[in-house]
Amino acid sequence: MRHRTSLTASLSAVALVGAAAAAAPLAATAVPVNSHCGLEPGNNNDAFVNHDQLSKELDRIERTSKGAVDVEVAGYSNEGREIYQARVGTGDTVILVQSQIHGNENHGTEALLSLLKEFGGNTAEAAMIRENVTIVAIPRLNVDGGENDTRQNAMSWDDVVAAFPQLEGVEPAWNYRESVPGFDVNRDFNPDLDYVPQPEDFPGSSADTGWYITPEAQTVRDVYGGLEDEFGTVDYFVDLHNQWSCYSQEGTNNMSPLSISGRFIADPTEFGDWPEFDYDASRRANVAVYDALQGQGNSGFGHLTLYPQDINLPGTALGSFALRGSATVLFETSSQTQYDGQKRNGFLTKQVEIGLKGLVTAVADGSIADLDPDDYEEIPTRVFEAPDDRRPSN
C-alpha cells in the first residue's frame, strides 16, 4: 500500500524561489558550433528548487488545482527524504514520467512542476488532457543526490548488505562509487519486478539487468507495478535526464540543446520472453516529441538530435520498462550543475516542457497513432563538441 501523506502538515515555511525563475523561457536562437562551449563557473545547483522548496511547491500545486493534481509520498530515500509522486487525469492511457534519477540533472524537475500546474488548470486543453490520459509524475527521484549535488544517491554498500544480508561478502555492484558513497540509480532496474537480489548476479555490468537494491529504484518499481495492476500496461514511460553541454547537430552548424531516444534494448529475447515489447510505439512517441519542438519556428528548440543508438542497457528504467511493454522516451537536456552556468536554464527547461507536452497532447487527442515510426530514423544524430580547453587555438 502506498503511504498517503498530507504535504501541508509536514512542510516547513520555506520560500519558493527556483521554479518560477527556471521556467521562464529565454530567447531561443541558433547557437553556432564555433560559439563558447566550455566550463562556466558558478554553483548552478542554487538555481533550482531544493527539497524543501520542491515539497512546498507540490503542496501549492495540489491546493490551487483544487485536487485535480493529487500529490502523495511514494517512498523515502536512504537519508529519509520524501520521494513524491503527483497524479493528474483520469484517462485510460497512462503516462509515467520521472525526473532527476541523477541528482545533478535538474531541468526536468523544473519542467514537471510547470506542466503539473498547467495540466491541473481550468483551460479546455487541460480538461481534454485529463479526460483522456492519466499522468503520473515523480519529480526528482534522487532526492538525496539532488540535495548533495551528486549524480549518485547517498547509500553505502554496508547499507545494501544490511537490507539484503544474502549479499554479505559479495563484491559491490559495478555502479557503486565508494568515494560518494552512492550508486548510479539508473542501473538498478530489472524487467522482473519481483526479482530478489542474488549473490551470483554481482557485481554485474552495464549489459546486465539490475537488482532493485536502492530505495529510489524500489520506489519507481512499486509505482510502476501499481499502475500495471490498475491499467494492465504502463503505456508510456518518460525519463528526464541531462547530458554534456556541447553537442552539435550532424550536417548543420547548430548546437543541439537536447537528445532523445526510444532505443535501449538491442535484442529483447536476450532477457527472456517479453511479448509486449513494442519498439514502434517508442519510435512514434519520440517522433511526437521531435515534431512538437520542430513546430516552434526559427528557434534553437528545433535543433534536437538522436541519442546514440548502439546501446543495450537492460538495467536502466527505460530498458527494463520497455521490455514490459511501455513505449519509452529519453530526454537528455544539455547542461549539468557542475560544468555549466545558469544562462540557459530558462530555455533548457522550456524545451523539456514543449517536448513533453507535445507527447502528452498527441496521446490525449489520438494523433500519435497517425505518426510514422520510420520518421524516427530521420532525426539528426548528435556530434560531440570538445570544451574550450581542448580546442585548438586560432
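Tabulated results
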read-out: Distance between modelled label sites at residue 367 and residue 273, nm, 7 Å Cα→Cβ extension; value: 4.0
read-out: Rounded percent of accessible protein surface that carbon and sulfur make up, the chain, 1.4 Å probe; value: 47
read-out: Amide H partners (placed H, <5 Å) of residue 258, local residues excluded; value: 305, 334
read-out: Local net charge near residue 149, Cβ-Cβ under 12 Å (Lys/Arg +1, Asp/Glu -1); value: -3
read-out: Under-16-angstrom lysine pairs by C-alpha in the chain, whenever the two are 8 or more apart or on separate chains; value: 5
read-out: Accessible solvent surface per residue of segment 283-334, calculated while the other protein chains remain in place, 1.4 angstrom probe, Å²; value: 24
read-out: Cβ-based net charge around residue 239, under 11 Å, with every Lys or Arg adding one and every Asp or Glu removing one; value: -2
read-out: For peptides 86-95, 192-201, 142-151, 172-181, sequence by mean Cβ density within 10 Å, most packed first; value: 142-151, 86-95, 172-181, 192-201
read-out: Label-to-label distance, nm, for residues given as residue 122 and residue 171 (7 Å Cα→Cβ offset); value: 6.2
read-out: Solvent-accessible area of residue 310 with every protein chain in place, 1.4 Å probe, in Å² to the nearest 10; value: 140
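The values are calculated or read from the model by the stated rules, or taken from the named source; none is laboratory data. None of the values given here were measured: they were computed from a predicted structure. Glycine gets a Cβ as well: all are built from the backbone with ideal geometry, and neighbour counts include every protein chain shown. Keep in mind that these areas ignore ligands, DNA and RNA; they rest on the heavy atoms of the full protein, side chains included. Shrake-Rupley method; radii C 1.70, N 1.55, O 1.52, S 1.80 Å.
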